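Heads up: the structure comes next, in structure tokens.
The values are calculated or read from the model by the stated rules, or taken from the named source; none is laboratory data. The shown structure was predicted, so the numbers you read here are calculated from the model rather than taken from an experiment. Here the Cβ is made from the backbone with ideal geometry for all residues, glycine too, and neighbour counts use every protein chain on show.
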Amino acid sequence: MSDLDASGSFLEPPSMDDEHEVDSLPSEPDSDDVTVSEFDDDSDADREWKESLQQLELLLSMVIVPYIGKYFGRKFAYWGWKRYMEYNFPVEVVVTNKAAFKGVGAIEAAASL
């Protein structure tokens, strides 16, 4: 225990050599700065392009795909229920107005989004 009291801490303070190394780096611009600025313009365009792609990906994954999946899921469920009812019971299921049926299906699919 007396060894721990004498040392106080096991951490050593950082050396001051790191600051001298940073100060000794060249601060003058290189001759390649012209090409770097041209690449910066390209990288800005690339960055904007990637951001646009990311926004489209989010739009697809958060809005369009769930809406389409819900619409076709309901359509498949109605088709399956019709087949079930016609197979098990002597009932004929007929949709009289297909446009209204599709419109209501689209509205129902969008209702909870």
Exercise for the section: Under 7 Å between Cβ atoms, at least 6 apart or on separate chains: pull out the pairs that start in segment 70-99 with a residue that is more than 17 Å from Ala110 (Cα to Cα) and among the hydrophobic types (A, V, I, L, M, F, W, C) and end on any residue that is part of a helix (DSSP H, G or I) and at pLDDT below 85. Expected result: Val95/Phe101
Exercise for the section: Kindly list the number of the only condition in (1) surrounded by 10 or more Cβ atoms within 10 Å (Cβ to Cβ); (2) part of a helix (DSSP H, G or I) that fails for Val93. Expected result: (2)
